[in-house]
Amino acid sequence: MIAEPRALAADKTALFEYVLRLADTSLVLAQRLGAWVGHAPAIEEDLGLANTALDLLGQARLLLAYAGEIEGAGRNEDVLAFLREEGEFRNIALAEQPNGDFADTIVRQFLIDAYQVELYDRLQGSVDTQLAAIAAKAVKETRYHLRYSRGWVVRLGDGTSESHARMQGAIDRLWKYTAELVTADELDSRLHAAGVAPDHEAVVTAWRTRAREAFSEATLDMPAGASYAWFGKQGRHTESLGQLLAEMQYLYRGHPGAAW
């Protein structure tokens, strides 16, 4: 059974799109973090970023498998991950942004972690029992991710003049992509009304509080607002996603049907 009766009031296409938003954000962010293995500032951070990437990949697999079940077209998690084109992905644009330096990666990670913690915490109350179960698992992992990224935000922001400047620069560069986090669209509102998705405004309010408190402790400035035209959750991406997918999907596409 895909969902509780009230969730079924929202058509399957809407539910499929919403689950893809969650799945693709975790999948794309996992791919980005995996690129740090062997390149992080210290071996400990290699492990920390790799563990976060594995958690995100696990979340993406659960969500993609569920999305395939909802769609009912025979596409499994591998097909959804490796055979969709750029415009079919529904991850938030922030997740696809390049790693940059360590400050860029940490700021990107913190902004998404703080958002996902609030989102998954509330998704545990979804009338869609499968989505609620996935959220219950994901929120435990995401709390750890947030402790890690927030710790680095404070350590680097309130560190040396160089680390402070790099962190503030990363915030200023990436903040425009948070417009997508704080803006609800018709799908968000529709699935909230059906009891599937949480109240978007409540998630955003809690996210802003977390970001403000962390930046204050780190002696970093939180930008006043954000405005950006590309919304990845609606399939409008930056050129960075196409480059990421070319690398991520190469093996699967190059050897169709291959099995271990």
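How many residues does segment 109-123 hold that are among the charged types (D, E, K, R) and under 10 Å from the mean Cα position of the chain (by Cα)? Lay out the reasoning, then the answer.
Narrowing segment 109-123 to residues among the charged types (D, E, K, R): 113, 118, 121-122.
Now restrict to residues that are under 10 Å from the mean Cα position of the chain (by Cα): 113.
Total satisfying the criteria: 1.
Pick out the one residue from 203, 196 that is aliphatic (A, V, I, L, M), in a loop (DSSP other than H, G, I, E, B) and either on the phi < 0 side of the Ramachandran plot or surrounded by 15 or more Cβ atoms within 10 Å (Cβ to Cβ) (or both).
Numbers: 203 fails: in a loop (DSSP other than H, G, I, E, B).
Matching residue, one of 203, 196: 196.
Enumerate the helices (runs of 4 or more DSSP H) found wholly within segment 48-164, keeping only those where 1 or more residues are closer than 23 Å to residue 176 by Cα. Full working, then the answer.
Numbers: elements: 77-82, 102-123, 129-157.
Output list reads 102-123, 129-157.
Residues of segment 14-63 being buried (at least 16 other Cβ atoms within 10 Å of the Cβ), charged (D, E, K, R) and either touching a strand residue (DSSP E or B) at 6+ places or on another chain (Cβ under 7 Å) or more than 16 Å from residue 113 (Cβ to Cβ) (or both), which ones?
Within segment 14-63, 17, 21, 24, 61 meet the criteria.
Please work out which residue is modelled with the lowest pLDDT, limiting yourself to segment 202-236 and to residues that are of a type in the set (A, V, I, L, M) and within 28 Å of residue 159 (Cα to Cα). Write out each step before concluding.
Narrowing segment 202-236 to residues of a type in the set (A, V, I, L, M): 202-204, 206, 211, 214, 218, 220, 222, 224, 226, 229.
Right, trim to within 28 Å of residue 159 (Cα to Cα) and you get 206, 211, 214, 218, 220, 222, 224, 226.
Numbers: 206: 98, 211: 98, 214: 98, 218: 98, 220: 98, 222: 96, 224: 88, 226: 74.
Out of the qualifying residues, it is 226.
Being without any contact (Cβ under 8 Å) to a residue 40 or more places away in the chain, closer than 26 Å to residue 13 by Cα and not in a helix (DSSP H, G or I) is the requirement here; does residue 184 meet it?
On the way: without any contact (Cβ under 8 Å) to a residue 40 or more places away in the chain: yes; closer than 26 Å to residue 13 by Cα: yes; not in a helix (DSSP H, G or I): yes.
When the stated conditions are applied, residue 184 passes them.
From the list 11, 101, which one is exposed (fewer than 15 other Cβ atoms within 10 Å of the Cβ) and more than 21 Å from residue 146 (Cα to Cα)? If you could, list the steps in order and put the result at the bottom.
On the way: 101 fails: more than 21 Å from residue 146 (Cα to Cα).
Sole residue among the options that is exposed (fewer than 15 other Cβ atoms within 10 Å of the Cβ) and more than 21 Å from residue 146 (Cα to Cα): 11.
If only one of 173, 212, 166, 155 is under 21 Å from residue 103 (Cα atoms), of a type outside the set (A, V, I, L, M, F, W, C) and in contact with a Leu (Cβ under 9 Å, 6 or more places away or on another chain), which one is it?
On the way: 173 fails: in contact with a Leu (Cβ under 9 Å, 6 or more places away or on another chain); 212 fails: in contact with a Leu (Cβ under 9 Å, 6 or more places away or on another chain); 155 fails: in contact with a Leu (Cβ under 9 Å, 6 or more places away or on another chain).
Exactly one residue qualifies, and that residue is 166.
May I ask you to list pairs of residues, at least six apart or on different chains, whose Cβ atoms are under 7 Å apart, with the first in segment 211-223 being surrounded by fewer than 21 Cβ atoms within 10 Å (Cβ to Cβ) and the second being of a type in the set (Ser, Thr, Tyr) and in a loop (DSSP other than H, G, I, E, B)?
none
Taking residue 77 and the conditions (1) surrounded by fewer than 17 Cβ atoms within 10 Å (Cβ to Cβ); (2) touching a Lys or Arg at 6+ places or on another chain (Cβ under 7 Å), which numbered condition does it fall short on, given that it satisfies the others?
Failing condition for residue 77: (1).
So, in segment 164-187, exactly how many residues are of a type in the set (A, V, I, L, M) and over 23 Å from residue 151 (Cα atoms)? Talk me through it step by step, then tell me what you get.
Filtering segment 164-187 down to residues of a type in the set (A, V, I, L, M) leaves 165, 167, 170-171, 174, 179, 181-182, 184, 187.
Filter again for over 23 Å from residue 151 (Cα atoms), leaving 179, 182, 184, 187.
Of the residues in that region, 4 qualify.
Any chance segment 245-260 includes a residue that's of a type in the set (A, V, I, L, M), within 28 Å of residue 151 (Cα to Cα) and either part of a helix (DSSP H, G or I) or in contact with a helix residue (DSSP H, G or I) (Cβ under 7 Å, 6 or more places away or on another chain) (or both)?
Initial filter on segment 245-260 (of a type in the set (A, V, I, L, M)): 245-246, 248, 251, 258-259.
Adding the requirement that they be within 28 Å of residue 151 (Cα to Cα) leaves none.
No: zero hits.
Among the residues of segment 226-235, which ones are part of a loop (DSSP other than H, G, I, E, B), touching a residue at least 40 places away in the same chain (Cβ under 8 Å) and over 22 Å from residue 117 (Cβ atoms)? Spell out how you get there, then give the answer.
Initially, segment 226-235 is screened for residues part of a loop (DSSP other than H, G, I, E, B), giving 226-231, 235.
Now drop any that are not touching a residue at least 40 places away in the same chain (Cβ under 8 Å), which leaves 226-228, 230-231, 235.
Passing the criteria: 227, 228, 230, 235.
The values are calculated or read from the model by the stated rules, or taken from the named source; none is laboratory data. Because the structure is predicted, anything quoted here is derived from the model rather than measured. Please note: Cβ atoms are built from the backbone with ideal geometry, for glycine as well, and neighbour counts cover all protein chains shown.
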